[in-house]
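Trainee: Below you will find the structure I want to go over with you.
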Amino acid sequence: MTYENILVEKRGAVGIVTLNRPQALNALCAALIQDLGAALDDMEEDQAIRAIVLTGSEKAFAAGADIKEMASKTYMDVYLSDFITKGWQRVTTCRKPIIAAVAGYALGGGCEMAMMCDFIIAADTAKFGQPEITIGTIPGSGGTQRLTRFVGKSKAMDMCLTGRMMDAAEAERAGLVSRIVPAAELLAEAIKAAEKIASFSLPAVMIAKEAVNRAYETSLAEGILFERRVFHSTFALEDQKEGMAAFVEKRKPVFKHK
Ligand code: CO8
């Protein structure tokens, strides 16, 4: 399949999606979101793909939703179309692991999209921000909610009310990103992490992802119960039998992803 606003590559078990609207710093226009959704649909269906990396350019992961596209929309336009929920949610409904590899600007919807991924690896050049307040609006795709869960109220308020940017070091200290790597190594490091994940049992990985995400949706007691139930369910996997047998037999496991 060919896409206008993204580049897609499959490297072994890793799918790589690169946001590619350099003329607009990867601003997330509707056509790009549609391309991204189609690429994720394809990767979810492709049995050979077991982890996904979502990245942008050296200068920008994405500088936000496309302001030029949004500027003239009316309340009825955005309300009746439920702007922009549908396409954007495709990232959060992806059941396979998805890593955001962020260099340069991740602003507004760009920061929100990175936060929709399972974790963020940042280049030392990364800059995160929710500058919507500077253009008379507020974050619309999780910036007031996910960011607050990541970094706490004080910093989330600071980001959303002043519109200032956080550099990679501050983002790591605050818990927004999992690790920082030199910009030149960003994609290689993200692919290495994805390959590591892809080497494990796919169903176990998917179950782990589901369980961690549950922590954001429920009480601790309910989350612990969910974890125990799905932990028990891993004992039905061929891969759990293989993984534990391999440990006991002091050899490397060969996962069948079943
Ligand atoms: N939308 C559309 N075009 C953009 C965007 C954007 N978000 N960001 C940059 N561009 C375009 C510029 O207009 C410019 O195009 P042109 O050459 O045709 O004028 C080109 O990209 C290069 O940008 P700059 O010349 O501005 O580059 P600089 O290096 O000088 O500045 C900045 C880089 C600081 C990143 C600057 O471009 C900027 O401030 N961008 C806007 C950042 C912003 O406000 N983002 C938030 C947007 S609102 C949002 O994301 C709401 C999210 C809601 C999500 C749910 C619904 C969508």
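Trainee: Return the FRET efficiency for the residue pair F226, A246: r is the Cβ-Cβ distance, R0 is 30 Å, and the value is rounded to the nearest 0.05.
Mentor: Once the sixth-power term is evaluated, E becomes 0.65.
Trainee: Another one. Taking the Cβ-Cβ separation of E45 and D158 as r and a Förster radius of 41 Å, what is the calculated FRET efficiency to the nearest 0.05?
Mentor: 0.50
Trainee: Per residue of the stretch 114-126, in order, report the coupling 6.51 cos²θ - 1.76 cosθ + 1.60 (Karplus, θ = phi - 60°) as ³J(HN,Hα) in whole Hz, putting x for Gly and Pro.
Mentor: 4, 5, 6, 6, 6, 7, 10, 9, 10, 6, 5, 8, 5
Trainee: Here is a further query. Return K256, K127, K192 ranked ascending by Cβ neighbour count within 10 Å, so the fewest neighbours appear first.
Mentor: K256, K192, K127
Trainee: Leaving out same-chain residues fewer than 8 places away, which lysines sit with a Cα under 17 Å from that of K155?
Mentor: Correct list for K155: K127.
Trainee: Can I ask one more? In degrees between 0 and 90, to the nearest 10, how far off the longest principal axis of the chain does helix 30-45 point, with axes built from Cα atoms?
Mentor: 0 degrees
Trainee: Give the order of I135, I67, I197, I52 when sorted by the count of other beta carbons within 10 angstrom, beginning with the fewest.
Mentor: By the 10 Å Cβ count, ascending: I135, I67, I197, I52.
Trainee: Which one of I138, A211, L19 is farthest out on the positive end of the charge dipole of the chain, using unit charges on Cβ (Lys, Arg +1; Asp, Glu -1) and the Cα centre as origin?
Mentor: The one lying farthest along the dipole's positive direction is A211.
Trainee: Over the Cα atoms of the chain, what radius of gyration and what Dmax do you get, in Å?
Mentor: According to the Cα coordinates of the chain, Rg and Dmax are 18.9, 65 Å.
Trainee: How much length is gained if the chain between A215 and V254 is pulled fully straight, taking 0.36 nm per residue apart and subtracting their Cα-Cα distance, in nm to one decimal?
Mentor: Length gained between A215 and V254: 11.0 nm.
Trainee: What list do you get for V230, V205 if you sort them by fewest beta carbons within 10 Å?
Mentor: In increasing order of surrounding Cβ atoms, one gets V230, V205.
Trainee: Name the residues whose placed amide hydrogens come within less than 5 Å of the amide hydrogen of A51, ignoring near sequence neighbours (fewer than 5 apart) on the same chain.
Mentor: Here the answer is G15, since their amide H atoms fall under 5 Å of that of A51.
Trainee: Ok, one more. When the scattering of the stretch 50-182 is computed by the Debye formula from its Cα atoms alone, each counted once and equally, what is log10 I(q)/I(0) at q = 0.12, 0.13, 0.15, 0.17 Å⁻¹?
Mentor: Listed by q, the Debye log ratios stand at -0.43, -0.51, -0.68, -0.87.
Trainee: Can you list residues whose amide H is under 5 Å from V181's amide H, if they're 5+ apart or on another chain and H is modeled 1.01 Å from N?
Mentor: For V181, whose amide H was placed from the backbone, the distant partners under 5 Å are A122, A123, D124.
Trainee: Next question, about the same structure. Can you list the residues, at least 5 places off or on another chain, whose amide H is less than 5 Å from the amide H of A60, using H built in the peptide plane?
Mentor: Amide H neighbours of A60: Y105.
FYI, it's all coordinate maths here, none of it is from the lab. As the structure is a prediction and not an experimental result, all values here were calculated from the model. Ideal geometry is used to build each Cβ from the backbone, glycine not excepted, and the neighbour counts take in all protein chains shown.
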